[in-house]
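The values are calculated or read from the model by the stated rules, or taken from the named source; none is laboratory data. Everything numeric in this text was worked out from a predicted model, so none of it was measured. Note: ideal-geometry Cβ built from the backbone for every residue, glycine included; neighbour counts use all protein chains shown.
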Amino acid sequence: MSKLLEVKDLKVSFNTYNGEVQAVRGVNFDLNKGETLAIVGESGSGKSVTSTTLMGLLPKPQGIIKSGQILFEGEDLVKKSVKEMQKIRGNDIAMVFQDPMSSLNPTMKVGNQIMEGLIKHQNMNRADAKKKATELLELVGIPQPDVRMNQYPHQFSGGMRQRVVIAIALACNPKLLIADEPTTALDVTIQAQILELMKKIQKETNSALIFITHDLGVVANVADRVAVMYAGKVVEVGTVDDIFYNPKHPYTWGLLGSMPTLDSAEEELYAIPGSPPDMLNPPKGDAFAPRNKFALEIDTVMEPPMFKVSDTHYAATWLLHEDAPKIEPPESVKRRMQGFSKMEGEQ
Amino acid sequence: MATNDQNKIPKELLVPLVRKEDTSEKISGPSRTFMQDARRAFFKNKLAVISVFLVVIIILMSIFGPQMNEYGTDDQDLTRAKMPPHVPVLEKISWLGLDGTLSGKYRGNDVEAATANAIARYDNKEEFIDIKVVDEGDGSRNSAVVDATYHIYDAKDMSDQYFWLGTDTLGRDQWTRLWEGTRVSLIIAFVAAVIGLVVGVAYGGIAGFYGGKVDNVMMRIIEILVGIPNLVVVLLMMLVLQPGITSIVVALSITGWTGMARIVRGEVLKLKNQEFVLAARTLGQSNGKVIMKHLLPNISGIIIINTMFTIPDAIFFEAFLSFIGLGIVPPDASLGSLINAGFDNLRLYPYLLVYPAVLISLIMIAFNLIGDGLRDAFDPKMHK
Amino acid sequence: MFRYILQRLFYMLITLFIIATVTFFMMKMLPGSPLSAEDKLSEEQKAIVLEKYGLNDPVPVQYLRYMGGLVKGDLGVSFAFDNTPVTKILMDRMGPSLQLGFQSLLIGSFIGIILGLIAAVFRNGAIDYTSTIIAVLGSSIPNFVFAGILQYVFAVRLEWFPVALWGGFEYSILPTIALMIFPMATAARFIRTEMVDVLNSNFILTARAKGISEVGVVFKHGLRNGLIPLITVIGPMAVSMMTGSMVIEQIFAIPGIGEQFVTSVTLNDYPTIMGTTLLFAFLFVVIILIIDLLYGLIDPRIRVSGGNS
Ligand SMILES: Nc1ncnc2c1ncn2[C@@H]1O[C@H](COP(=O)(O)OP(=O)(O)OP(=O)(O)O)[C@@H](O)[C@H]1O
Ligand SMILES: [Mg+2]
């Protein structure tokens, strides 16, 4: 099957005043047409840097792609010129950003902000673009779209602004939509609405979706597959079932364990101790080892490769080596895993 | 995906890690306080550091400069008026303009006439004037040009006297007056800045700290005051008061504190409701203690920055007032009054303008750079 | 919005009233009368003159008459210059000052905006450093120093321009340059900081994500947002135009209001000084009002919330 997107060994660094920040240190993943991939991981794990790199929007001149390929429909985006990337951005690949409050231009009418992409990529005249933009506003569930077209962002609530941002992203029917924590900045009820909207739209347009989030709870709802990132690397990747019922990486255990569930009130949350490593000088060996209860001696000397668990499931931990001691996930995480399958059964 | 290179893996290490210490909680690198960070950032800013040096040197010179030669501020002597700069040793290097000569281009219908013009201009002391012909001319009006250099120190038989920066129209030593003037300008600026600081911090602090009605009334008053342009207030004050240092300080202080008051109020309002202040108050610390221990240290940065920027403003205003005749009036000197006098003689004696103009520019640039440096240093965004 | 304008107008009138009142009583405290210039008059003549100017009336009456005069634009009569009405003196001298002021404000801000914009877009490049240096020098070095340099180098030495006085356009070139340096430096500094902020903001990222060209991003999305706050520094710029006009007009001997003011100071011609001061206050207050209203018009965020803020 032909892949829509393949990211191979992507490394991204920032040159800063204090030295080189290795934000992304060799990321691999792929994506099929129409598929939804969730990228999860703690703050600072490199999720946003990965997605802005896909868009070709790394801040210049600090941000540098050190190595790797981003194959989109077989073509390497890393090698594209600025002009070529401008043709792809907003047309083939679109992005929804984290903070709806600041991602719209405060001094430009909402309608114009949606029409801009249409005029640029689809060669529409203003009248057509206006019609299409009104339809888009309607599609993302904004009442009275023709009135709203002529308003400014500050006249919209946070949730509505995020709908506008989604409308902008959808304007040219992108083949790939990247949503970087699209709901983090919103109220819980609004979050659910926006998620529903994204799911619905994705089904209708059949675009592929990369969904970045902190929140594993959201993932089960939205995604087909999940990539777990830690310290600039993908440490485990698999289908939703793989990750939720059969997680292999201790970091994934930690993420699952720290997720509150309905009946988790009585038990301790399994939290990951410590804080993420300093990406200015990442530790030798496995970056997660210092926080890992189940770390092996080898973690301090050598980075674990990706071990294959199944055709769809890979994880980067020495625990999967055939000679490593067999270690079971902690009890609380196990119970959590069973809980998920129970919930699944009930649905 | 990645292949497992089985051969190179040291299998004996596939055992649980024995931790020597709890590395997960270790904090990397020593932690620094905000002030230390700010200081470090400031001293990394070369321009700001150079500016500090410059300001220190200028302050020292304004204290000791006038004593460095035997001339006083108001030693008038018309026989030695308008002497150009004359510095030992450096007088040998002609392009520095410190050799005690006056020079200029003079025109006439022919070389003879031009020369005569020059000689007439320079006290008719022909034997002390070097003439160099620039343009022979063709006999038409003012077509001939000569370069005349007048050795005025020799002409006045004062070649053993050295007025380092020359003398002004009344024969007073320009070096002495320059540093005296700098001293006056700096005193005015510092005093005005300190008064603005004290009043502004007190007013803004009270308004912000007590909030509510007090704040409301105090802020209305400021709003009205701010509506009245500083320039107008200062001009009116200067008209009513006797010209002099005190009047300028008073005039500048009356208007100078409102900016500081607004900033301090804003900061205090912001800080007041932050947890550490609330905690301190819940623990029963007195208002005074809360202010001294928690509020002041946290707004000190912004206060310092603001004060640094008011100093060049005050220096400019003093110079401006003296320039238009409302500030320091002769025989007292200030940078502004020296510049004013310099302009009157710009054509013939440009050195009277050059030195005070350069000095005031240096002072203003230095203070602005220090202010910029401080602002960057105190901005947490700048140093992570 | 309409209520807001009315409210602002009301505040402006109060401010002007206070300024005028303070000015009047300060004037009463000052020595001098229309007579000081004509001391040779006999007692009888003096009395006639005093009567003519109403200076024998009680102070409150004089105050009311003065305020009434102000409303009609009457600023009293000059002690010097043959008792010419101050308003007439100022009107006669308005032209050169306005021309200089506008010329330098417009040209200065325009060049400054361009400098700041280029500096922000090519941050940390050679142009950025150059424009930073220009900005620091321009906002630090007093304008009379610039005026001195320009006058000496280009007029006295090189003789490219007239040294002083007011005639055709060429007479206005050097003073305009001297006066425009401050607005230029201020605008360059301000726009740079503002544009760096704007270009780093999220909505610029959104715009780039749409595939818009860099030029479009900078001009269509960036510049407008960076320019709006520039309105807030028009106030300080206007003040610098006023102080500047006094100094620069004096240096270049331009028959404008500023030069008039300095002359009046030397002549102790208090009515003219006060009149000029009032004129400056009036201009300043009106400019601030216009700025606030303009801000409301240009920035959609303020436009709607209007007077509530
Ligand atoms: N412009 C930049 N300059 C320097 N370092 C950067 C820059 N942008 C990101 N980084 C660093 O790169 C690392 C990864 O950041 P990134 O924004 O991708 O995290 P994230 O996973 O998206 O986190 P979050 O969940 O908080 O959004 C962090 O260590 C961050 O400090
Ligand atoms: Mg992020």
Inset, instruction - Taking the options A:Met115, A:Met95, name whichever one is within 16 Å of ligand 2 (Cβ to nearest atom) and within 11 Å of chain C (Cβ to nearest Cβ). - result: A:Met95
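Does A:Gln98 fit the bill of being polar (S, T, N, Q), closer than 23 Å to C:Glu214 by Cα and away from ligand 1 (no atom under 16 Å from the Cβ)?
Working: polar (S, T, N, Q): yes; closer than 23 Å to C:Glu214 by Cα: yes; away from ligand 1 (no atom under 16 Å from the Cβ): no.
Against the criterion (polar (S, T, N, Q), closer than 23 Å to C:Glu214 by Cα and away from ligand 1 (no atom under 16 Å from the Cβ)), A:Gln98 does not qualify.
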Legend entry - Scope segment A:176-198; condition within 14 Å of another protein chain (Cβ to nearest Cβ) and away from ligand 1 (no atom under 16 Å from the Cβ); matching residues: A:Leu176, A:Leu177
Legend entry - Filtered residues of segment A:294-323 (kept if among the hydroxyl-bearing types (Ser, Thr, Tyr) and more than 7 Å from chain B (Cβ to nearest Cβ)): A:Ser310, A:Thr312, A:Thr317
Inset, instruction - Taking A:Leu209 as meeting all but one of (1) surrounded by fewer than 16 Cβ atoms within 10 Å (Cβ to Cβ); (2) more than 16 Å from ligand 2 (Cβ to nearest atom), write down the number of the exception. - result: (1)
Inset, instruction - Looking only at segment A:40-58, decide whether some residue is more than 20 Å from A:Leu209 (Cα to Cα), within 16 Å of ligand 2 (Cβ to nearest atom) and in contact with a strand residue (DSSP E or B) (Cβ under 6 Å, 6 or more places away or on another chain). - result: no
Inset, instruction - Go through segment A:168-197 and give me each residue that's away from ligand 2 (no atom under 16 Å from the Cβ) and in contact with a Phe, Trp or Tyr (Cβ under 8 Å, 6 or more places away or on another chain). - result: A:Leu176
Inset, instruction - Would you please list the contacts, defined by Cβ atoms under 7 Å and residues six or more apart or on different chains, that run from a residue in segment C:12-37 that is more than 7 Å from chain B (Cβ to nearest Cβ) and surrounded by 14 or more Cβ atoms within 10 Å (Cβ to Cβ) to a residue that is modelled with pLDDT under 75 and in a helix (DSSP H, G or I)? - result: C:Pro34/C:Val49; C:Pro34/C:Asn83; C:Leu35/C:Lys46; C:Leu35/C:Val49
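Take B:Val264 and decide whether it is within 14 Å of chain C (Cβ to nearest Cβ), in contact (Cβ under 8 Å) with a residue 60 or more places away in the chain and β-branched (Val, Ile, Thr). Outline the logic, then answer.
On the way: within 14 Å of chain C (Cβ to nearest Cβ): no; in contact (Cβ under 8 Å) with a residue 60 or more places away in the chain: yes; β-branched (Val, Ile, Thr): yes.
Spelling it out, it is not the case that B:Val264 is within 14 Å of chain C (Cβ to nearest Cβ), in contact (Cβ under 8 Å) with a residue 60 or more places away in the chain and β-branched (Val, Ile, Thr).
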Inset, instruction - Take segment C:130-162 and flag every residue that is more than 11 Å from chain B (Cβ to nearest Cβ) and either under 24 Å from C:Val196 (Cβ atoms) or of a type in the set (Phe, Trp, Tyr) (or both). - result: C:Thr130, C:Ser131, C:Ile134, C:Phe154, C:Trp160, C:Phe161
Legend entry - Which numbered condition B:Leu362 misses (of (1) touching a residue at least 24 places away in the same chain (Cβ under 8 Å); (2) surrounded by fewer than 22 Cβ atoms within 10 Å (Cβ to Cβ); (3) within 14 Å of B:Gln174 (Cα to Cα); (4) not acidic (Asp, Glu)): (3)
Inset, instruction - Tell me, yes or no, whether segment A:302-311 has at least one residue that is touching a strand residue (DSSP E or B) at 6+ places or on another chain (Cβ under 6 Å), modelled with pLDDT under 80 and farther than 21 Å from B:Glu12 by Cβ. - result: no
Inset, instruction - Could you please tell me which pairs satisfy a Cβ distance under 7 Å, a separation of 6+ or placement on different chains, a first residue in segment A:29-46 that is more than 26 Å from A:Asn206 (Cα to Cα), and a second residue that is within 15 Å of ligand 1 (Cβ to nearest atom) and among the acidic types (Asp, Glu)? - result: none
Inset, instruction - Please indicate, with yes or no, whether at least one residue in segment A:19-33 is hydrophobic (A, V, I, L, M, F, W, C), more than 12 Å from chain C (Cβ to nearest Cβ), over 17 Å from the mean Cα position of the chain (by Cα) and within 16 Å of ligand 2 (Cβ to nearest atom). - result: yes
Inset, instruction - Just one of (1) in a helix (DSSP H, G or I); (2) surrounded by fewer than 18 Cβ atoms within 10 Å (Cβ to Cβ) trips up C:Ala253, so point out which. - result: (1)
Inset, instruction - Please verify whether segment A:257-268 includes one or more residues that are modelled with pLDDT of 75 or more and not in a loop (DSSP other than H, G, I, E, B). - result: yes
Inset, instruction - Collect the residues in segment A:33-74 that are over 24 Å from A:Thr183 (Cβ atoms) and more than 16 Å from ligand 1 (Cβ to nearest atom), keeping them in residue-number order. - result: A:Lys33, A:Ser67, A:Gln69, A:Leu71, A:Phe72, A:Glu73, A:Gly74
Inset, instruction - Kindly check whether there is at least one residue in segment C:169-185 that is within 11 Å of another protein chain (Cβ to nearest Cβ) and within 21 Å of B:Val233 (Cα to Cα). - result: no
Legend entry - Evaluation of B:Phe323 against (1) surrounded by 24 or more Cβ atoms within 10 Å (Cβ to Cβ); (2) touching a Gly at 6+ places or on another chain (Cβ under 6 Å); (3) touching a residue at least 24 places away in the same chain (Cβ under 8 Å) (one fails), failing number: (3)
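Residues checked against (1) modelled with pLDDT of 90 or more; (2) of a type in the set (Asp, Glu):
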| position | (1), (2) |
| --- | --- |
| A:Gly111 | yes, no |
| A:Thr134 | yes, no |
| A:Gly141 | no, no |
| A:Phe156 | no, no |
| A:Gly159 | no, no |
| A:Arg163 | no, no |
| A:Ala167 | no, no |
| A:Ile201 | no, no |
| A:Glu204 | no, yes |
Legend entry - Tabulated pairs, segment A:177-192, first among the β-branched types (Val, Ile, Thr), second in a strand (DSSP E or B) and within 16 Å of ligand 1 (Cβ to nearest atom), C-beta under 8 angstrom, 6+ apart or interchain: A:Ile178/A:Met95; A:Ile178/A:Val96; A:Ile178/A:Ile210; A:Ile178/A:Ile212; A:Thr183/A:Thr213; A:Thr184/A:Thr213
Inset, instruction - For segment A:136-148, state whether one or more residues are surrounded by 19 or more Cβ atoms within 10 Å (Cβ to Cβ), within 16 Å of ligand 1 (Cβ to nearest atom), on the phi < 0 side of the Ramachandran plot and not in a helix (DSSP H, G or I). - result: no
Legend entry - Unmet requirement for B:Ala377, which otherwise passes all of (1) within 11 Å of chain C (Cβ to nearest Cβ); (2) touching a Phe, Trp or Tyr at 6+ places or on another chain (Cβ under 9 Å); (3) of a type outside the set (Asp, Glu): (1)
